[in-house]
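The values are calculated or read from the model by the stated rules, or taken from the named source; none is laboratory data. This structure is a prediction, so every number in the text was calculated from the model and none was measured. Glycine gets a Cβ as well: all are built from the backbone with ideal geometry, and neighbour counts include every protein chain shown.
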Amino acid sequence: MINKIYSHFILIDKCAEETRIVEILEKKIVKFISWYDANPPIIGDIYEAFIIKKLNGGVARARLKDNSIITVRGVFQSIKEGSLIKVIIMGDKFDGKPVQAKLLNEIIDLQKTIETLNTVDKIIYFYFTKDLPRINDSHAIYWDLLDLDRCYYRALNPNIKVNGGGMIWIEKTKAATLIDIDTEKLILNTPEQLYDFCLSVFKQCLAEIKLRNIGGMILIDFPRMSLPKRKLLHEEIVSAGKTIFNDGDFLGFSRLLLYEMYIPRNIGLLEDFYKDNNDFIFQNHLRSLWRKSKEIKSKNNVQFICGKNLFKKINKKKTPEFISILERNDLPINYGELIDLN
C-alpha cells in the first residue's frame, strides 16, 4: 500500500492521545516532532515581550507577560533593552532551556498567516519542507507498514557509515556534542581527495544533526589538513550549513583544530522519545490497539490481555472503545496480546 503513495511525504499520526509528525524520504525518517495532545507545543504562537538583556549576534533575552524568559534571535542593533517587541515562538520548552523565538518582522504579514493555522499546520510551516504531500494516519497504519518505531531506534546508533567509505561517530555530553570523522580503511592519496571527503561527510553530518534534533555546541573532529584547505572547508561549511540551519553559527576551527558550530536548541532530542526498551514495547502495544481498531469497529468481542504492569499503563491511556483491556496476573508483568474472539 505505502509503495503506491509517495517516496517523500509528511505523515501525521494521531493515536493514544499523542501526535507525531514525521517527514519520510525513501521509507526512512528524516525529521520528526511529537507531543502529547494534552500539552500541545506553543511553536508558532505570537507574544509581546520586553527585552531584558542584549547578547552578541542579534540575540537577546526577553520576558513574556507571564514572566517566562525566552531567547530571541534576529534582534536589530537599534532595539534597546526595555523595548517592547513581538516575537514568534520557534521552539518548545524542554531540558530546562529557554524557549527559542524570533523577532516578528512587521514588514511581512506573517502574523495574519500564522493565526489562520492550527497546531499541526504551524509545526509543518516552521519545521518541515513546504508543499510535501501529507498523509493523515489516525490509526497508525502507515506507521506500522513502514516500521517507523524501529527507524527511531536505528537512528540513534552512535556510528554511521559514510556514503563511499568512512565512519561518523556521534557522542552527546551535557556540554556539547562531539562528532568524530573517521576515514576508517578509506585510502585518500591527495589533499584534494581528503578535502572532498571532509566536505561530503559534513553534509551527511548535517542530515544526522537535523534527524536527531541535536542542538547547542557541536564539535567536529575532521582529519588533519592544511590551513588553506581548512579555510576553504570553513567557507563551504557555512554555505551548506546555512541552507539547513539559517540561525546556526558556524564558527570555524579552534586551536585544537576542532570545527566549532552552534545550533539553537528548538525541540526535544530524538533520544528522549523512547526512554528504554520497555517504553518502546509499550508504545508499540498502544499502536497495535489503534491499528486493530481500524479493522474491528463493528465488533465488540476483541480483547487485549496483559500482565499487571502493562495493564496499569495501558488502562490510563486512551484506547479504542471496541477493545476490552483485561488484566491477567498469571502472565508476565509486561505481556500483551490481542485476541479476536469471533
Inset, instruction - Consider ILE181 carefully, then state whether it is out of contact with any helix residue (DSSP H, G or I) (no Cβ under 6 Å at 6 or more places or on another chain) and either at pLDDT below 85 or surrounded by 15 or more Cβ atoms within 10 Å (Cβ to Cβ) (or both). - result: no
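Kindly indicate whether any position in the stretch 296-311 is at pLDDT 85 or above, under 28 Å from the mean Cα position of the chain (by Cα), surrounded by 18 or more Cβ atoms within 10 Å (Cβ to Cβ) and not assigned by TED's automatic domain parsing to the domain that holds ILE141. Before you say what the answer is, go through the steps one by one.
To start, the set of residues in the stretch 296-311 that are at pLDDT 85 or above comprises 303-311.
Among the residues that remain, those that are also under 28 Å from the mean Cα position of the chain (by Cα) are: 310.
Narrowing the set further to residues that are surrounded by 18 or more Cβ atoms within 10 Å (Cβ to Cβ) leaves 310.
Subsequent filtering for residues that are not assigned by TED's automatic domain parsing to the domain that holds ILE141 retains 310.
Yes: the stretch 296-311 contains one or more residues that are at pLDDT 85 or above, under 28 Å from the mean Cα position of the chain (by Cα), surrounded by 18 or more Cβ atoms within 10 Å (Cβ to Cβ) and not assigned by TED's automatic domain parsing to the domain that holds ILE141.
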Inset, instruction - Scan the stretch 165-178 for residues that are crowded, with 16+ Cβ neighbours inside 10 Å and of a type in the set (Lys, Arg) and jot them down. - result: LYS172
Inset, instruction - Would you please name the residue that is modelled with the lowest pLDDT, looking only at residues in the stretch 13-29 that are within 15 Å of THR129 (Cα to Cα) and buried (at least 17 other Cβ atoms within 10 Å of the Cβ)? - result: ILE29
Legend entry - Selected residue (criterion: nearest to HIS8 (Cα to Cα)) from residues of the stretch 22-44 that are without any contact (Cβ under 8 Å) to a residue 60 or more places away in the chain and not in a strand (DSSP E or B): GLU26
Legend entry - Among residues of the stretch 45-62, those that are closer than 21 Å to GLN111 by Cβ and either part of a loop (DSSP other than H, G, I, E, B) or over 26 Å from the mean Cα position of the chain (by Cα) (or both), counted: 6
Legend entry - Enumeration of residues in the stretch 53-67 that are surrounded by 14 or more Cβ atoms within 10 Å (Cβ to Cβ) and either among the β-branched types (Val, Ile, Thr) or at pLDDT below 90 (or both): GLY58, VAL59
Inset, instruction - Please enumerate the residues belonging to the stretch 231-265 that are over 16 Å from SER200 (Cβ atoms) and among the charged types (D, E, K, R). - result: LYS231, LYS242, ASP247, ASP249, ARG255, GLU260, ARG265
Inset, instruction - Please give the number of the condition GLN100 fails out of (1) surrounded by 12 or more Cβ atoms within 10 Å (Cβ to Cβ); (2) within 21 Å of LEU132 (Cβ to Cβ). - result: (2)
Inset, instruction - For the stretch 69-80, enumerate the residues that are surrounded by 14 or more Cβ atoms within 10 Å (Cβ to Cβ), within 19 Å of GLY91 (Cα to Cα) and not basic (Lys, Arg). - result: ILE70, THR71, VAL72, GLY74, VAL75
Legend entry - Qualifying position, being closer than 22 Å to ILE123 by Cβ and not β-branched (Val, Ile, Thr), among SER83, SER68: SER68
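Which of the following residues is assigned to a helix (DSSP H, G or I), over 30 Å from the mean Cα position of the chain (by Cα) and among the aliphatic types (A, V, I, L, M): LEU211, LEU206, LEU194?
Answer to the selection: LEU194.
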Legend entry - Filter result for LYS112 (modelled with pLDDT under 85, out of contact with any helix residue (DSSP H, G or I) (no Cβ under 9 Å at 6 or more places or on another chain) and of a type in the set (Lys, Arg)): yes
Inset, instruction - Restrict the check to the stretch 221-238 and report whether at least one residue is within 21 Å of LYS174 (Cβ to Cβ) and not aromatic (Phe, Trp, Tyr). - result: yes
